[in-house]
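This report refers to the structure that appears directly beneath it.
The values are calculated or read from the model by the stated rules, or taken from the named source; none is laboratory data. As the structure is a computational prediction, the values presented were derived from the model and not from experiment. Note that we place each Cβ from the backbone using ideal geometry, even for glycine, and neighbour counts take in every protein chain shown.
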Amino acid sequence: MLAGFGGLLALMSVAGGDALWILRQAKRSNAAMRRTFLVRSHSLDQIRSGIYVSGTLARDYVLAVDSATAEQQRNKLQEIHGSTEAALSDYGRSLNVEEAAAFRSLSAEIHAYWKLVDLMLAPGREARRQRSASYFYNQLVVRREAMLDLADRVAQRNEREIAAGEETLDVTFDAFRLRLIVILSLTLAGGIGLAVVTARRLLRSQKELEALSMRLVNAQEEERRTIARELHDEVGQSLTALAMEASSAAVLAKDNLEFRERMHSIQHLAESSMNTVRNLALLLRPSMLDDLGLVPALRWQAREVAKRTGMKVRVQAEELAEDLPDEFSTCIYRVVQEALNNSVRHAHARSVRIQVSGSSSDVRLAIEDDGDGFDTRNARGLGLVGMAERIRNAGGHFQVDSSPGHGTTLSVMLPLNGRKA
């Protein structure tokens, strides 16, 4: 069990650690992918923005009416040129193999475009007018449109990359789900196997405990029988002999009144001790249970309890089979004995009814009192536990029906065919 539980805990720990590791890796991969996408998108936005603005600034530069305005547009173009180159450099650092060719085409187009722009940035109004010829301006516009289209294609490629990354992440999660299902299945199978093994061991242990309890009860009954026999045969007979000898000595000592009185005192003491020993022997194991059977023993027990406590005890019993097992007779007798004791001490009952009936298949016992009753869900004393243990060892069924203020009924069924109830 220790190895099984340890293995399960180890497997669960491995599963948990593996799940945490995969989730952490997926989180990092997702964060890196989104970070790369944001950097690329920002760089492409800068490139497109620079291209758009550069065309407007180039036109304003060519059409400027004075040198100061032209210089201002020229400076802005150079700033945009620098920011575009920086954006290209940032984008190039996050490239993979599939994107390299498209990015090189974009870079070549952008460099060619800026070379045309640089040709238009010559100082002097006449030079600007010469460079504003349709050839240069048309080349500039055409290249700008081509670059913007290429930048859009690179952006689409970037979006496809993020989509591919998400698909990869989905594949990773699918694999993680499969691994988790496999590990959980192994854990569940191990738990079921361990539960089966544990249940078998517990059932075997329970059977061993029941067998031990039965042997202890049988040993206790045998010891009681032996002690009762010794008390009756040895001590009882010795006390009887002592009483008879004292009576004979008192008869012989006719002239000695004091001696005769002492002999009578010894006789009375011996008779009292003999009665005490007989009662102890009967309480330990009534000889009539072995000699006369169960029903006479129950009737005697009912009379003794009624005489001692004043409680009305009625026995309704059929003649049971002569071959009733001694184990069953002892079990029923002890259950009745304990039930009467509980009715007197705890229930404060005024009357008790005992019913015993038998058939070819079972023996049934019902004990009903009019005492205080109790809540069977919350109160279960050692007496009831002992009764239930005895009956279970005999293979029978035991039931208690009671409620506060409504008395108690005990029902017992012992199968004669040896089957468990």
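With respect to SER83, determine if the residue is modelled with pLDDT under 80 and of a type in the set (S, T, N, Q). Break it down stepwise before answering.
Working: modelled with pLDDT under 80: no; of a type in the set (S, T, N, Q): yes.
Spelling it out, it is not the case that SER83 is modelled with pLDDT under 80 and of a type in the set (S, T, N, Q).
Give LEU57, LEU44, LEU9, LEU88 a once-over and let me know the one that is closer than 30 Å to ALA189 by Cα and hydrophobic (A, V, I, L, M, F, W, C). Steps first, answer last, please.
Values: LEU57 fails: closer than 30 Å to ALA189 by Cα; LEU44 fails: closer than 30 Å to ALA189 by Cα; LEU88 fails: closer than 30 Å to ALA189 by Cα.
It is LEU9.
Can we say GLN25 is over 57 Å from the mean Cα position of the chain (by Cα) and in a helix (DSSP H, G or I)?
So GLN25 fails the test.
The sole residue among ARG128, ARG74 that is at pLDDT 75 or above and in a helix (DSSP H, G or I) is ARG74.
Restricting attention to segment 241-278, the residues that are farther than 30 Å from THR226 by Cα, loosely packed, with under 15 Cβ neighbours inside 10 Å and not aliphatic (A, V, I, L, M) add up to 9. Can you confirm whether ALA339 is within 42 Å of the chain's Cα centre (by Cα), at pLDDT 90 or above and assigned to a helix (DSSP H, G or I)? Yes, satisfied. Residue check: is LEU384 in a helix (DSSP H, G or I), out of contact with any helix residue (DSSP H, G or I) (no Cβ under 6 Å at 6 or more places or on another chain) and of a type in the set (A, V, I, L, M)? When the stated conditions are applied, LEU384 passes them.
State all residues of segment 359-375 that are modelled with pLDDT of 85 or more and within 18 Å of GLN399 (Cβ to Cβ); if no residue qualifies, say none. Give the derivation first.
Just the residues of segment 359-375 that are modelled with pLDDT of 85 or more, to begin with: 362-374.
If the condition is that a residue be modelled with pLDDT of 85 or more and within 18 Å of GLN399 (Cβ to Cβ), then ASP362, VAL363, ARG364, LEU365, ALA366, ILE367, GLU368, ASP369, GLY371, GLY373, PHE374 are the ones that fit.
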